[in-house]
Protein chains: 2
Amino acid sequence: METVGQIIRAKREDLGLLLRHVASHLDIDQAILSKIERNERKASKENIVKLAEILKLDHEDLYIQFMSDKIAYEIVNEECASKVLKVAEEKVKYLKNNYLKS
Amino acid sequence: METVGQIIRAKREDLGLLLRHVASHLDIDQAILSKIERNERKASKENIVKLAEILKLDHEDLYIQFMSDKIAYEIVNEECASKVLKVAEEKVKYLKNNYLKS
DNA sequence: ATTTTTCTTGACAATATTTGTCAAATATAA
DNA sequence: TTATATTTGACAAATATTGTCAAGAAAAAT
């Protein structure tokens, strides 16, 4: 079970890229990227898009890891975390069927 | 499939309470409560606690509705919404087992 | 073992989002 | 119509997010 930060660091090192190279592609200071990789800060959605590019990761996969990290972090301390996710899933299905039929 | 706003409005009207009465118990302007009930604004966690009190709703149930609304709203526009929730659930289980054993 | 390079840390700043107020407009009900 | 309740939108304050910078620590190269 990897965090989005772990995935990013692993792939960056695989490709032999430096923090400052990747960070400059994202247009942020390397300090932030360092923190993102260690899960001390959350990436922005824009960061994620550019990270997928430069690290040659599948964009959707990375995005899923990013959002699931964010959501898991929001509720992991609650007893009822699993219940919340189940209800959320029902709501998503309902909304998709009833309001978002494109 | 009800939103947290719908639940609150229904129960408030059931109890015959006015926006301004409930809002004053929450220590907010009635304008906000009006918006919360119509899902134009999100409640804060504190709002939810006090709403459960004054509306005699089960605190955990209301909290689950509140959080699931919030999460569903965050991802409903994404293709991969269901996938995100599934991965989030795995992460929550993993974290609870490995880091939060109290 | 010293120097160079990379990464990490923490204080701070800018910006965006959240959470709220207020007063006027609208809707509902007496 | 008048009184009461709700809604709306412009605005303000507080908080959270997203970032910079520079100095310190760690790792790698010479």
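Read-outs throughout are calculated quantities, based only on the coordinates presented, and are distinct from any laboratory measurement. Everything quoted here is computed from the prediction, not taken from an experiment. All Cβ positions, glycine included, derive from the backbone under ideal geometry; neighbour counts span all protein chains shown.
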Seminar exercise, completed: In segment A:47-102, the GluC sites (Glu not before Pro) that sit in a DSSP loop and have at most 11 other Cβ atoms within 10 Å of their own Cβ are A:Glu79
Exercise. Can you tell which of A:Tyr63, A:Leu26, A:Ile36 lies farthest toward the positive end of the dipole of segment A:21-102, using +1 and -1 charges on the Cβ of basic and acidic side chains (Lys, Arg; Asp, Glu)?
Worked result: A:Tyr63
Exercise. Could you give me the ³J(HN,Hα) list for segment A:92-97, computed from phi with Karplus coefficients 6.51, -1.76, 1.60 and θ = phi - 60°, whole Hz, x at Gly and Pro?
Worked result: 4, 4, 4, 5, 4, 6
For this session: Whole Å is fine, so just give me how far the alpha carbon centre of segment B:50-90 lies from that of segment A:1-51.
Result: 29 Å
Exercise. Roughly how many nanometres apart are two label points built 7 Å out from the Cα toward the Cβ at B:Leu17 and B:Lys86?
Worked result: 4.1 nm
Problem set entry | segment A:27-102 - Rg (one decimal) and Dmax (whole number), Cα, Å | 15.6, 44
Problem set entry | Vicinal HN-Hα couplings computed from phi for segment A:58-74 (Karplus, 6.51 cos²θ - 1.76 cosθ + 1.60; Hz; Gly/Pro x) | 5, 4, 5, 4, 5, 4, 4, 5, 4, 5, 5, 4, 4, 5, 4, 5, 4
Problem set entry | Phi to ³J(HN,Hα) by Karplus 6.51 cos²θ - 1.76 cosθ + 1.60 over segment B:24-35, Hz, x for Gly, Pro | 5, 5, 7, 6, 9, 6, 4, 4, 5, 4, 4, 5
Seminar exercise, completed: Expressed in nanometres to one decimal, the distance between label points 7 Å along Cα→Cβ at A:Asp29 and B:Ser34 is 4.4 nm
Exercise. For A:59-70, what's the mean count of beta carbons from other chains sitting within 10 Å of each residue's beta carbon?
Worked result: 5
Problem set entry | For A:Leu17, inter-copy label distances in nm, listed shortest first [label point 7 Å out on the Cα-Cβ vector] | 5.3
Problem set entry | Sequence ranges B:8-18, A:2-12, ranked by mean other-Cβ count within 10 angstrom, highest first | A:2-12, B:8-18
Exercise. Measuring from a point 7 Å out along Cα→Cβ, what nm distances, shortest first, does A:Tyr99 have to its partners in the other copies?
Worked result: 3.2
Seminar exercise, completed: In whole angstrom, largest first, the equivalent ellipsoid semi-axes that the Cα gyration tensor gives for the protein assembly as shown are 38, 17, 17
Seminar exercise, completed: Asserting the computed 222 nm helical MRE of chain B (DSSP H runs at least 4 long, -39500 (n - 2.57) per run, divided by residue count, to nearest 500) equals -22000 deg cm²/dmol
